[in-house]
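The values are calculated or read from the model by the stated rules, or taken from the named source; none is laboratory data. Here the structure is a predicted model, which is why all the values come from computation and not from measurement. We place every Cβ from the backbone using ideal geometry, glycine too, and count neighbours over all the protein chains shown.
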Amino acid sequence: MSQPSTKILYCRCAFAKVIPEGTKNEVLERLCESGESFECVADLCEMSARRDDRIKQLLSEGQSVKIAACYPRAVKWLFHQAEAPFPDGDSVEVLNMREQSADEIIENLTQK
Amino acid sequence: MKNEIHPVQVILFEGNGATPWESSRRIGVTTDLLDRGYSVTRITDTANADALSDVSGEASVIVLGEFTDNAPEVVDSKSDRKIETRDTSGLDTEAVVTLVEETRAELADGLNQPGENGAWKPWFPVIDYDRCTNCMQCLSFCLFDVYGVDEDKQIQVQNNDNCKTNCPACSRVCPEVAIMFPKYGTGPINGEPVKQADVERESMKVDITSLLGGDIYSSLRTRSEKAKSRFSKERSPDKALNERKRCLTKLQQSGIIPAEVLAELDLASLPSPEEIQRKAEELAALQDSQSAGAE
């Protein structure tokens, strides 16, 4: 299990069908089966459009963050557009459910 | 504005003082709530002790749990969020979701629900500032005022709501492949890493523009067949112009744009360098006057 200092964010991408259903369902199921605390949002694009405070809060505490969503380039600039730019360094990692397998993603999310 | 409804946050509390949920119910509730447009936070005993110490944000919070002690205290430092706590002991998945919906109704909170009539699909451009050169092509090409400039005259997405759902036209004509629509099907528009072929197509467009003094539409059409085998099909001014025209025609048909206004627009070509400069200057002046007014 990951250390408490690593936050996990999962995006359901609920307004589009661009993430394979099988991948996003399996990642969510296995996340729910783990003992991890996590944040899930219906749609990260929606949160970004609204400059939602929770996006800013996610990055504001200096913890490392793992995000299961889509292409890292898109996610990085969605956060920027939400006035929550990724910090320098490698404290934020984006896992791409459009291309990576559920196994690969869940292993990364729950590793120590 | 369409996009001002913030998703209600549901917290599944399974930390100290609460019994962990059965796995299948946790999966069912989380999946169902996300698909209805809620945000869901699960808090277990692996969370930081202060996980509930500040739930900052704009939306209401509904805390669910099977509490063995008193329900945990949730602190909102700004004191402007509505917070409700509900015990879910003995409730199955469906009953928990119903409880959440009822609680939201009591709080009189709206929700942008995927699949519902009138729901706003979050479709808007995202700018990759590692690639953007602030050329203002997008600002001039988009006729719906999605783009603007900030106080440093840097291009930015200012009016997400104005973007026409499923239209990625501005992305197709960005010379630097810097505009993404994350919900688009294919790359590079969807945010995939940019390939050399995508950039080469743009180099070709820029060369032709300089050679022909901006009259690139017909030239590109002639050459596009040749280019198709080599370059990304998504990087296409032809497609972009057609998509933009379709969006405008829809607006005209719904009475939002008068036909005579539409007839005056040049919809067959990309903006000339002069047009780009004029629009950029107009917006910069507007930004200056707004900044002055705010001081």
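Brief remarks on what is shown
- Test for residue B:279: is it basic (Lys, Arg) and out of contact with any helix residue (DSSP H, G or I) (no Cβ under 9 Å at 6 or more places or on another chain): no
- Options B:52, B:91, B:111, B:107: the member that is of a type in the set (A, V, I, L, M, F, W, C), modelled with pLDDT under 95 and touching a helix residue (DSSP H, G or I) at 6+ places or on another chain (Cβ under 8 Å): B:111
- Candidate set from region B:3-20 (those that are facing another protein chain (nearest Cβ under 9 Å) and not in a strand (DSSP E or B)); member that is nearest to the chain's Cα centre (by Cα): B:3
- Residue A:78 buried (at least 23 other Cβ atoms within 10 Å of the Cβ), assigned to a helix (DSSP H, G or I), in contact with a helix residue (DSSP H, G or I) (Cβ under 8 Å, 6 or more places away or on another chain) and more than 9 Å from chain B (Cβ to nearest Cβ): no
- Out of A:102, A:84, sole residue that is under 20 Å from residue B:27 (Cβ atoms), more than 8 Å from every other protein chain (Cβ to nearest Cβ) and not β-branched (Val, Ile, Thr): A:102
- Where residue B:113 falls short, out of the listed (1) over 19 Å from residue B:180 (Cβ atoms); (2) touching a residue at least 40 places away in the same chain (Cβ under 8 Å); (3) away from every other protein chain (no Cβ under 14 Å): (3)
Yes/no per residue for (1) at pLDDT 95 or above; (2) not small (Gly, Ala, Ser):
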residue	(1), (2)
A:18	yes, yes
A:23	yes, yes
A:26	yes, yes
A:29	yes, yes
A:37	no, no
A:41	yes, yes
A:44	yes, yes
A:49	no, no
A:54	no, yes
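- Residues that are more than 9 Å from chain A (Cβ to nearest Cβ) and part of a loop (DSSP other than H, G, I, E, B), drawn from region B:22-47: B:22
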